[in-house]
Amino acid sequence: MLGFFKTFAEKCAKVRQSITRSVVAVFSKPSLSADDRQSLERSLYEADFGVDTVEYVLKRVEEASKTNKTVDGTELLRQILTELLQGSEGNPLSVPSDAVAAGTPSNVSGAVENEEYRGNTSEGQVFRSPVLEQQATNGASHPNMPFTLTDASPASDKNASLPQSPPNTQAVDLQVILLLGINGAGKTTTAAKLAHFFEKNNRHTLLGSCDTFRAAADQQLKTWAERLHLDCIGSQQRADAASVAYDVCQAGLHRGYQRVILDTAGRLHTKTSLTEELKKMVRVLHKCHPLFPQHRWLVIDGSLGTNSLQQAKLFHEAVGLTGLIVTKLDGTSKGGALVGIYQTLHVPIYFVGLGEKAEDLQPFSIASYVEALIGGEG
């Protein structure tokens, strides 16, 4: 059952043993003692389940201990956590009902012409938009592109020179995924691994480097793209990130891609100017197509535990999250925070990162996650 969760389970071994020992003690005595309750509470906090989750679990265990002393304590915990996570498994290959394929929209302005915009890379095929190459000439427009990229203010729309097309309410076959998160969460590597997953599952995918703040971000994404033979549109440092995102989505629309994954700059969730830039990006993507971006997924460092909850709340308030990706679970024994985050936001968990390789990004499984933390039957 564990599969790719094996490494995470190994990291959780000590915490899992502590939880199991504590809950077994609860049901091995005539009544729940204060010491046993405290021991179970401490074990749950060590797994970073969070205050609300711990209090709920303790309440359920107390109720069960009063009515049925033959209960299997670990099985009860598995049931409780499974109930709390009900509905959390996202299906990354499904298409939302409001974006069912209906052909490429014919009234989207700013179409990319049919020339091949591919760089001369040693391996793989990397998309290089001519608009982005023109950034070096102070925003001069390319003859085949009806708009330019300029160094716009990150908190304002006024410098993003975009075509103003009438509202387009047609369904679209392209799914746009905007990846968000703080610095160090692993967004750039996750973007490449995510594109690799979709390509492996026959979803033609285009990567977009919209982190125009960090100098190495563009090259990092390009390197991953070349290694995994993925299409990617790069960007120039300090370019307007929203305009880059628009450019990538236009290319995705008019070249028949099924997924566009936009890697954004890491930002502190407490910085108003940075969250405003995210809001701006969403507004600009709406101009490309009213459904874009259908997905706004937060990439969370799983080793941060309950500290991730506050950042998730603020990102959710800023742009309305539609999914979560939890990285670095292979390096932590504190994976319990996922329960509290899901209970707070009620947005699906699509993927978990369990290693450095491309294949180590795997769809989230409630059963495997619960087994890693609590243990399997028997």
Which value in nm describes the separation of the simple spin-label points at GLU83 and LYS313, placed 7 Å from the Cα toward the beta carbon? 2.5
Can you list the HN-Hα couplings for the stretch 50-55, worked out from phi with the Karplus curve (6.51, -1.76, 1.60; θ = phi - 60°), rounded to whole Hz and with x for Gly and Pro? x, 4, 4, 5, 4, 5
Across the stretch 178-185, in residue order, what do the Karplus-derived ³J(HN,Hα) couplings come to in whole Hz, using 6.51 cos²θ - 1.76 cosθ + 1.60 with θ = phi - 60° and x for Gly and Pro? 9, 8, 10, x, 7, 4, x, 6
Counting only residues 5 or more apart in sequence or on a different chain, those whose built amide H sits under 5 Å from that of ARG296 are LEU178, THR322, GLY323
Return the long-range amide H neighbours of THR212 (sequence gap of 5 or more, or a different chain), with a cut-off of under 5 Å between placed amide H atoms. ALA265
Whole-Hz Karplus couplings 3J(HN,Hα) for the stretch 241-252, θ = phi - 60° and coefficients 6.51, -1.76, 1.60, Gly and Pro as x, run 4, 5, 5, 4, 4, 4, 4, 5, 5, 4, 4, x
Give the carbon-plus-sulfur fraction of the accessible surface of the stretch 165-270 in %, rounded to a whole number; probe 1.4 Å, heavy atoms of protein chains only. 49
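So what are the stretch 183-225's ellipsoid semi-axes, whole angstrom, largest first, if each one is the square root of 5 times an eigenvalue of the alpha-carbon gyration tensor?
Values: eigenvalues 82, 21, 12 Å².
For the stretch 183-225, the semi-axes come out at 20, 10, 8 Å.
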Can you give me the long-range amide H partners of LEU361? Hydrogens built in the peptide plane at 1.01 Å from N, cutoff under 5 Å, separation of 5 or more residues or another chain. LEU354
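Would you mind telling me the share, in percent, of accessible area of the stretch 271-338 contributed by carbon and sulfur at probe 1.4 angstrom? All intermediate terms of the calculation are to be shown ahead of the outcome.
Details: 1100 of 2230 Å².
That fraction is 49 percent.
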Convex hull volume of the stretch 216-351 per residue (C-alpha atoms, cubic angstrom): 125
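Could you give the C-alpha radius of gyration of the stretch 1-62 expressed as a fraction of 2.2 N^0.38 Å, taking N as the number of residues it contains? Could you put the intermediate results ahead of the total?
Details: Rg = 12.7 Å, N = 62, 2.2 N^0.38 = 10.6 Å.
Dividing the Cα radius of gyration by 2.2 N^0.38 Å gives 1.21.
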Probe 1.4 Å, accessible area per residue of the stretch 335-378, Å²: 33
Roughly how much of CYS249 is accessible, in Å² to the nearest 10, using a 1.4 Å probe? 0
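The values are calculated or read from the model by the stated rules, or taken from the named source; none is laboratory data. All of these numbers come straight from a predicted model, not from anything done at the bench. Note that each Cβ is placed from the backbone with ideal geometry, even for glycine, and that neighbours are counted across all protein chains shown. Ligands, DNA and RNA are stripped out before the accessible areas are found, and what is left, the full protein with its side chains, is counted by its heavy atoms. Shrake-Rupley method; radii C 1.70, N 1.55, O 1.52, S 1.80 Å.
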